[in-house]
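Colleague: Here it is: the structure, laid out below.
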Amino acid sequence: LWLHKGPGYKSSGVEAVLRKHHSRAERVEDKPGIVVYRLTGSSDTLSTLMRDLFADLENSKASLGVAKMGVIVTTLEDILEGIHKQRSLLVTRRVPSKRHSFSTLTIKEAVSRLKIDMSALEGRVEHDEPDPVLGGAGTEDALRALRNRTVFVEATSRSRLQSLFHKRVLHWKRMPVQRTLRWLLPTALLLLGGYCESSILSGIPKHDETLSYDVHNIAASAVGFCGAKGGRFQQFMTQRMCPVLEESGVQLETINLTNIAPQLLALANHDVYSYVFRFQIGAVSSESASRFAVQFLCSLEVITLWFNGQNPHSALLALNLLHTALLRNMTGHKTAAIRFTNAPDAFQAEETVGVLLSFFREFELGSPRRDSAGYVVHLVLVRVLCAVFVPTALCYHATHFVGVVLSERVSGAKHQQLLTGIGGALFWLGHLLFDGCRGLVHAFAFTAATAAFRPFLGWSFVYAIFTIFLLYTFVAISLAYLFSFWFDNASKAFYTIAGMYLVGGSADRLQPFSIGLNTGLYEILSLLLEGGFCFALVNFLDSELLQRFWSYFSAREPAASSKAFLETAEDEVAKERQQVEDIYKMHDFEQRALLVRGLSKTYGFIRPRCGIDNVSFCVRQGECLGVVGVLGTGKTTLVSVLGGELFPTSGDAYMGPMSLTLHYRQWLRNVGYVPHAGGFLETLTGREMICLLAALRGVQDVPRVTRCLLRIVDLVEPDAAIASYGVGARFQLSLALALMVFPRLYLLDLPDLDSQTRALVRRVLECLRQYSTVVLTCEHLHLYESVCDRIAILAAGRIECIGSVKELSDKYCHGTTITIYTFPDRKYDLQHQRLIVTETMDHFPTCALVRCYEGILEFRISEPPTSLCETFDRLLFLKRQHKFHFFYVSDTTLDQIFASLGRKHVGLKARD
């Protein structure tokens, strides 16, 4: 029950009337202009009691000095806040000094009366001991101390890189399973591939007998020719050379020795089989040398050996027979012979090694291919093994680089770090340093695993393979960073990149892209260019240069308001828009702390979806603007755009001379942004997160500032992992990060919080309004209307109404709201509900049904009866007549108006 105090207000008389009807009436608020009492009891008792109470108050309100009266239904939120206030008072009274011990018994008794969890309260009491720096200072004193004592210095690139590297080290230490699998599984796959290769190829059959170069082994039945044209070697040819050929099994044919080549070509034309497979050897002595034969010069005469090129061994065989004839001629021994032999097992081993090296031949500059026809099967087998194990191992290795950077972007932790003023290039360089160190260690492990079962690899190959692995890691890191911009799900990104590497890597090269160059030197150059290009592209995507390009090409005047919006827009919204336009035309941005002009954000390209549509408003210095709306109306989108997390599709915002689109980095440094998602690294603790951002911002005394921030937000477990935090603790940490600096503008996207955290928010906002401008968003207006100077209600991404709480209350909060609850077994009985609606409208002709959901009927009465007593009387009559469960009567509040506008925005979207 609330009463507006008029002239001659008599508090004792009012309480006497209240005690007459309700002995347990409790005064919960007493301000200069208004007093609020809480009346508790069952719905049936209160309905009759309120009727009689209002009858007495209305009859005597002139003598009691009551100007106006009304009722508001007490909600569970009100009860929870009341419990929290009582608990806060209890803790404040019972916090001991350092010289006294704490009375556990007294607290337990108090807790048992309030039915509060003892463990939570004890944690609160222990945490609220006086800070060694701040003493027993409250929120306002702590904020003042933080503001006056915090010293910022220009953080160097080296110190920022150290902080970013330390962040990655902490994350790596707290992920033991992932960090082990990232190097162990690829190494195991490479070892398994080498083991399979050596095991399978070890079964190649070997020949124990040596191969002798004679006619029977090389050519079976061979045909040849032998003779001399005269001269010094005629006797040697007829007595030595021709007998050696016949003895070896060569069938000599008689041909014209003066013109041999045409006769052999004629033979090829007549009998190609004999030409290819039978004619193998020939020997002719003459006085002139042949330019197509192997020549042995003796004085002026030569002996020409002919061999069949289709059988490569014929040349060695002919030379072997000539040496045998020369040996017999020199020694006179008729059985003397020279036998040229080879060991096939050694030959095959060398060829096998050559086949294995053929996979790695790309790494050795200028090495020839070993495509021996006899060992093609072995070559294919090695290729298949390497094409299966190597890409599988390396794709698993490469895809893990995307996990951390993607989670930072999706969670908002990346944006929180960019808000400290570091550039995109420095942010990515910090990641590259840590991932590069990991890649160096992994390259050593992968090289060792590759060479483990391949003893034939020399050090030159090992060095080349290590270099390729290292540069492959550089390309993989840069590509992973690039892919983090296009995915919002870590698992989807992991499997997509793995599939790309697996398909693209199923060849005889180790790099993800191939440009057709087949030497190790060119491979290294191509990998360096690929990695450098990808890393440069990543830096460009996070650079201010891209933001300038985007703002230049997308800059356009705000779109004209749609017809549906013009039909529903309020006068205050039009005046606000006109005021924004006037300030913009005069370029007098110093008049307002924040000026938002025609801000719009659209998602998607094929079927674009509007997040916010042509939003314009301005906020004065030291003012708190509350933006409210139901889910999906664009609150988070608006704050994300103003916080720099999203770039606007059109429109702009101004903070003094700074523009959101033109001075993007400078804008980020002057905004205290509290996002809805929090923006944290889940593996860090709350204290480590604060220390990280403090170091990036250049805070001089990081430990003291960290303690001060934790004191202000009252974070219970600052040394626990952020992944274990609830919604309230996450918001407290996010608020601490925003309070670290003292910007001109604070942006708070408030989630649903518990009563204790809401009280903290209200305390902090009351203090911040002395120094900065605040824009906050929430779903429940009544929770924060006490700290908001003005309220803007969003519907379908547009501002439906804007003004101070008093202005909106005076304009919209007329009349009474009646809520009727049917019995649970009748909540789907539409006939019963229609009858109640008809009868209610008959008793209250100016009422309208604004909501009907599962047996809950809500009516809005624009012109209620002359007295609240009459309203309760009529409702009691309806209850007896139609047997519904219970009803509430309350004055129409801004929350109810806001809920109606929220339901309206669905219809507005449909009209568009």
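The values are calculated or read from the model by the stated rules, or taken from the named source; none is laboratory data. Nothing here was measured: the structure is a model prediction, and the numbers come from that model. Cβ coordinates were reconstructed from backbone atoms using ideal geometry, including for glycine residues, and neighbour counts include every protein chain displayed.
Colleague: Kindly indicate the residue of the range 34-70 that is of a type in the set (D, E, K, R) and part of a strand (DSSP E or B) and also modelled with the highest pLDDT among those meeting that condition. Explain how you work it out, then say what you get.
Modeller: Taking the range 34-70 and keeping what is of a type in the set (D, E, K, R), we get 38, 44, 51-52, 56, 58, 61, 68.
Narrowing further to those that are part of a strand (DSSP E or B): 38, 68.
On the way: 38: 85, 68: 79.
It comes out as 38.
Colleague: Turning to a different aspect of this structure: Among the listed residues 793, 802, 818, 712, which satisfies the condition of being among the β-branched types (Val, Ile, Thr) and not assigned by TED's automatic domain parsing to the domain that holds residue 638?
Modeller: Within the list 793, 802, 818, 712, the selection yields 818.
Colleague: Something else about it: Surrounded by fewer than 16 Cβ atoms within 10 Å (Cβ to Cβ), free of Cβ contacts under 8 Å to residues at least 12 places away in the same chain, outside any helix (DSSP H, G or I) and not small (Gly, Ala, Ser) - does that describe any residue in the range 853-874?
Modeller: Among the residues of the range 853-874, at least one is surrounded by fewer than 16 Cβ atoms within 10 Å (Cβ to Cβ), free of Cβ contacts under 8 Å to residues at least 12 places away in the same chain, outside any helix (DSSP H, G or I) and not small (Gly, Ala, Ser), which makes the answer yes.
Colleague: Would you confirm, using the coordinates I've provided, whether residue 903 is out of contact with any Ser or Thr (no Cβ under 8 Å at 6 or more places or on another chain), modelled with pLDDT of 80 or more and on the phi < 0 side of the Ramachandran plot?
Modeller: Considered against the rule, which asks whether it is out of contact with any Ser or Thr (no Cβ under 8 Å at 6 or more places or on another chain), modelled with pLDDT of 80 or more and on the phi < 0 side of the Ramachandran plot, residue 903 comes out as no.
Colleague: Right, another one. Taking the range 615-637 as the search range and keeping residues that are hydrophobic (A, V, I, L, M, F, W, C) and out of contact with any Gly (no Cβ under 8 Å at 6 or more places or on another chain), which one is nearest to residue 766 (Cα to Cα)?
Modeller: Filtering the range 615-637 for residues that are hydrophobic (A, V, I, L, M, F, W, C) and out of contact with any Gly (no Cβ under 8 Å at 6 or more places or on another chain), the one nearest to residue 766 (Cα to Cα) comes out as 624.
Colleague: Quick check on my filter: what residues within the range 782-823 are part of a loop (DSSP other than H, G, I, E, B) and either among the β-branched types (Val, Ile, Thr) or in contact with a Phe, Trp or Tyr (Cβ under 9 Å, 6 or more places away or on another chain) (or both)?
Modeller: Across the range 782-823, the qualifying residues are 787, 796, 822, 823.
Colleague: Please state which of the following conditions residue 724 fails to meet, knowing it meets all the rest: (1) in contact with a strand residue (DSSP E or B) (Cβ under 6 Å, 6 or more places away or on another chain); (2) of a type in the set (Ser, Thr, Tyr); (3) free of Cβ contacts under 8 Å to residues at least 24 places away in the same chain.
Modeller: If we test residue 724 against (1) in contact with a strand residue (DSSP E or B) (Cβ under 6 Å, 6 or more places away or on another chain); (2) of a type in the set (Ser, Thr, Tyr); (3) free of Cβ contacts under 8 Å to residues at least 24 places away in the same chain, just (1) comes out false.
Colleague: Hey, can you tell me all the residues within the range 663-693 that are in contact with a strand residue (DSSP E or B) (Cβ under 8 Å, 6 or more places away or on another chain) and not small (Gly, Ala, Ser)?
Modeller: 666, 667, 670, 671, 673, 674, 675, 676, 682, 683, 684, 685
Colleague: Under 9 Å between Cβ atoms, which residue pairs at least 6 apart in sequence (or on different chains) link something in the range 418-434 that is in the same structural domain as residue 537 (by TED's automatic domain parsing) and over 17 Å from residue 401 (Cβ atoms) with a partner that is acidic (Asp, Glu) and in a loop (DSSP other than H, G, I, E, B)?
Modeller: Close Cβ pairs satisfying both conditions: 418/542; 423/542; 424/542; 425/542.
For (1) under 22 Å from residue 784 (Cα atoms); (2) surrounded by 16 or more Cβ atoms within 10 Å (Cβ to Cβ); (3) in contact (Cβ under 8 Å) with a residue 12 or more places away in the chain, each residue gets a yes or a no:
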residue: 603; (1), (2), (3): no, no, no
residue: 606; (1), (2), (3): no, no, no
residue: 622; (1), (2), (3): yes, no, yes
residue: 633; (1), (2), (3): yes, yes, yes
residue: 638; (1), (2), (3): yes, yes, yes
residue: 644; (1), (2), (3): no, yes, yes
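Colleague: Return the residues of the range 562-585 that are aliphatic (A, V, I, L, M) and modelled with pLDDT of 85 or more; say none if nothing qualifies.
Modeller: 573, 574, 580, 583
Colleague: Related question: Take the conditions at pLDDT 80 or above and assigned by TED's automatic domain parsing to the domain that holds residue 322 and apply them to residue 178. Does it pass?
Modeller: no
Colleague: Can you spot a residue in the range 805-820 that is surrounded by fewer than 21 Cβ atoms within 10 Å (Cβ to Cβ), farther than 28 Å from residue 601 by Cα and at pLDDT 85 or above?
Modeller: Yes, the range 805-820 contains a residue that is surrounded by fewer than 21 Cβ atoms within 10 Å (Cβ to Cβ), farther than 28 Å from residue 601 by Cα and at pLDDT 85 or above.
Colleague: For residue 439, state whether it is over 19 Å from residue 497 (Cα atoms) and either at pLDDT below 85 or in the same structural domain as residue 191 (by TED's automatic domain parsing) (or both).
Modeller: The answer is no for residue 439.
Colleague: Related question: Output the residue which, of all residues in the range 680-739 that are of a type in the set (Ser, Thr, Tyr) and part of a loop (DSSP other than H, G, I, E, B), is nearest to residue 174 (Cα to Cα).
Modeller: Ranking the qualifying residues of the range 680-739, first place goes to 683.
Colleague: Quick check on my filter: what residues within the range 743-781 are assigned to a loop (DSSP other than H, G, I, E, B) and either of a type in the set (D, E, K, R) or not assigned by TED's automatic domain parsing to the domain that holds residue 711 (or both)? Outline the logic, then answer.
Modeller: At the first step, the residues of the range 743-781 found to be assigned to a loop (DSSP other than H, G, I, E, B) are 743-744, 750-754, 769-772, 779-780.
Within the range 743-781, 744, 752, 754, 769, 779 qualify.
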